[in-house]
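One structure is given here, and the rest of the page talks about it.
We did not get these values from a lab; they are worked out from the coordinates using the rules stated. From a predicted model like this one, the values you see are computed outputs, not experimental measurements. Don't worry about glycine lacking a Cβ; one is built from the backbone with ideal geometry, like all the others, and counts go over all protein chains shown.
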Amino acid sequence: MHLTRVTPCDQVKPELHNEEERIANANARKAYCKTRGRLHEIGQRAASHLIEGQDEAVATPIESVPQRNRKRKAVDDLSELGQLREGGKRQRSGAESSFAVPTLSLTPPLSPSRDIVKERTADAEGSQLATEQRRSKAPRLAPTEDLVKIRLVEVYNHLNEQILVNERAVKDSLEFAGKMMATDKTTGMELRGQIEELRVSIGREKEKRDVALAALVSYDWGARHKEEELELLVNSAARPDMPGAQQTFHEKCAFLASELKRNGKELLALQYEAHSPEIKAAADAQRSAKKLGDIQATRARLENELQEVYMCLLRSSRRIRSLVKVRSKQP
């Protein structure tokens, strides 16, 4: 005989209530695991309930599920798991894209239009033409000016100026030394010794000056194709040395050189002024031309006078004549 246990009614209602609460908790747990991608914990949770002796209705073992429902449930779980994984990938890709380093797009520069190219070309040609016009209008050396002669003149003028300055210093020092001898003989003697050393140095510089003048005269007459006239002048000028006259002539050369230098500055300034665009009136141009002619005439007069002083030095110095002879024989 089989006895059936009868459950009282007051015990059935609490059990039904507890069953509904367990089912609700299980569904909530399943939904939470689905959203977190932790579906594998559902089976473990159910197994732990069974081990602990909980009701089998809360978490049904897989063996109690029919075969057809088991397959359907596996398919549903896999589809849900795939959706969760795709959603996670999209979230990660979105996060990565938000922190991705922006790539710079290198766009080629826009090529200028034909009109702009024409305008730039015209501007460049105009500026080049203006530069060429300014260069053509700028004063230049005359074709007759010889750069070699200019260099030789500069060398002689430099040596001559230095010698004249040192000679004036020697003259002033001698006067001062004479006064010192009356009060302090020792200091006066030392000063005279320094003056003698300076005189020796001046003598060496005078030799260089004679060489420079001989080179200048020889080149100038040779450039004008007057070598024979120069040789005749040198041979006929059998005069003795005149040191006093030589000093005067060298001083005259220094004075004429300074006048020519000042004249050259005025000439350049007037040439720039004549080519300036501000001079437009005919009266201004005529006035500038007259002034330019006067300056050029003054320059020619100074140069002729300087050549005469060179010849005076040639006649008054045997050393200069001998140096000119040696240079005239050289090829």
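The trypsin sites (Lys or Arg not before Pro) of segment 172-265 meeting both criteria, a DSSP state outside H, G, I, E and B (loop) and at most 11 other C-beta atoms within 10 angstrom of the site's C-beta, are R224.
For segment 309-326, 3J(HN,Hα) computed residue by residue from phi via the Karplus equation (6.51, -1.76, 1.60; θ = phi - 60°) reads 5, 4, 5, 5, 5, 5, 6, 9, 9, 5, 4, 5, 5, 5, 5, 5, 4, 4 Hz, glycine and proline entered as x.
Quick one: if the Förster radius is 45 Å, what FRET efficiency do S173 and R299 give, using the C-beta to C-beta distance and rounding to 0.05? E between S173 and R299, to the nearest 0.05, is 0.75. Given points 7 Å out from each Cα along the Cα-Cβ axis, report the E207 to L268 separation in nanometres with one decimal. Computed distance between label sites E207 and L268 equals 3.6 nm. Along segment 247-253 the Karplus relation, 6.51 cos²θ - 1.76 cosθ + 1.60 evaluated at θ = phi - 60°, assigns HN-Hα couplings of 4, 5, 5, 5, 5, 5, 5 Hz to successive residues, with x for each Gly and Pro. Between R319 and T183, residue separation times 0.36 nm minus the direct Cα-Cα distance comes to 44.7 nm. The label-point distance for E19 and N166, in a model that sets each label 7 Å from Cα toward Cβ, rounds to 13.7 nm. Note on segment 171-210: Rg/Rh from C-alpha atoms, Kirkwood Rh, equals 1.15. Using 27 Å as the Cα-Cα cut-off, could you pick out the over-long pairs in K179/K252; K206/K329; K179/K208? The pairs that break the limit, which is 27 Å between Cα atoms, are K179/K252; K179/K208. Computed from backbone phi with θ = phi - 60° and the Karplus coefficients 6.51, -1.76 and 1.60, the 3J(HN,Hα) list for segment 287-300 is 5, 5, 5, 5, 5, 5, x, 5, 5, 5, 5, 5, 5, 5 Hz; x is used for glycine and proline.
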